[in-house]
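Trainee: One structure follows; several queries about it will come next.
The values are calculated or read from the model by the stated rules, or taken from the named source; none is laboratory data. Bear in mind that the values here come from a model prediction, so they are computed numbers and not experimental data. Please note: Cβ atoms are built from the backbone with ideal geometry, for glycine as well, and neighbour counts cover all protein chains shown. Surface accessibility is based on the protein's heavy atoms, side chains included, excluding ligands, DNA and RNA. Shrake-Rupley method; radii C 1.70, N 1.55, O 1.52, S 1.80 Å.
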Amino acid sequence: MADPAVSSGASLNAGGRGSKAATSPAENYYLARRRTLQVVVSALLTECGFESAEKAAVETLTEMMQSYITEIGRCAKAYCEHTARSVPTLPDTVVTLIEMGFNVDTLPVYAKRSQRMVITAPPVTNAPVTPKSLSAGQKRTHPPHIPAHFPEFPDPHSYIKTPTFREPVSDYQVVREKAATQRRDVERALTRFMAKTGETQSLFKDDISAFPLIAARPSTIPYLSALLPSELELQTLEETDSSEQDDQTDSENTTGNITDDPGADKENSMLPPSGVVPSAKTSEDNVIDNPYLRPVKKPKVRRKK
């Protein structure tokens, strides 16, 4: 095991780093790797006979080891890609160590040393997940004439047409639910508006603004609103009356235009001296305003011509 002083220095350093805001998974992943390297550096210092180490010295040695391992991986990947491969192998690593001036023959002896310290395996940390890009369509695989170690095709959205508009929702159930939701929201907004602008009543005397209710307006004749028609009913009645009057005037005009009747002279001779025909219709002054008290009108039957 590593020296307590060295381990405490490494742990203090790691704790100082961990106190910073490391919220993303990538930062947590790199922080775990850095702590593992600090433990390895502390174990190597203990094997060399050191009893304690300063925090700055441990940090410097950790940075040097990290740079050395990174350079080995970079050179091994370069040799691997130079031979048209994608995964480095042991010969690539050996060539890299020789290129960097390391004696490869001393590795087996160093690995079998007697004072070697065994370090417990670090906790398994998940690698940072790279966010997925926009996906559209299905990825193409390599044709038979392209080797499998070649890079994959890019995402389909980079070279195909991707529609950005949404199709209108035509489902009956969805449309009805949306209409009901909008109607409920409008009613709720109108209720709140009336509660804020008009007189309100509260369920609790202590807190008036807790549950405001629209105050009911007292009426001397409560059944009057049930007898009187609404504005919509009045409008429809006026439209029907006007249409009936237009039909009647049209029929009178058509009968008045007929002058070839041989009995027309007899009718003209029977007119009163004033020349005014008495009308059977009541005057406008005698019309009752309440539609529920008007005389019943029979529907007009139109004959097909």
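Trainee: Tell me, yes or no, whether the stretch 18-40 has at least one residue that is part of a helix (DSSP H, G or I), modelled with pLDDT of 90 or more, open to solvent by less than 70 Å² (accessible area, probe 1.4 Å) and among the β-branched types (Val, Ile, Thr). Please lay out each step first, then the result.
Mentor: So in the stretch 18-40, the residues part of a helix (DSSP H, G or I) come out as 18, 25-40.
Remaining after also requiring modelled with pLDDT of 90 or more: none.
No; the residues of the stretch 18-40 include none that is part of a helix (DSSP H, G or I), modelled with pLDDT of 90 or more, open to solvent by less than 70 Å² (accessible area, probe 1.4 Å) and among the β-branched types (Val, Ile, Thr).
Trainee: Please work out which residue is nearest to the chain's Cα centre (by Cα), limiting yourself to the stretch 44-58 and to residues that are outside any loop (DSSP other than H, G, I, E, B) and crowded, with 18+ Cβ neighbours inside 10 Å.
Mentor: Taking the stretch 44-58 and keeping what is outside any loop (DSSP other than H, G, I, E, B), we get 44-47, 55-58.
Filter once more, keeping what is crowded, with 18+ Cβ neighbours inside 10 Å: 45-46, 58.
Working: LEU45: 55, THR46: 57, VAL58: 49 Å.
Taking the candidates together, the pick is VAL58.
Trainee: List pairs: first residue in the stretch 73-94 and under 20 Å from ASP105 (Cβ atoms), second residue in a loop (DSSP other than H, G, I, E, B) anywhere in the structure, Cβ distance under 7 angstrom, at least six positions apart or on different chains.
Mentor: ALA76/PRO88
Trainee: Just checking, does the stretch 191-201 include any residue being open to solvent by 70 Å² or more (accessible area, probe 1.4 Å), among the aliphatic types (A, V, I, L, M) and closer than 30 Å to VAL301 by Cβ?
Mentor: no
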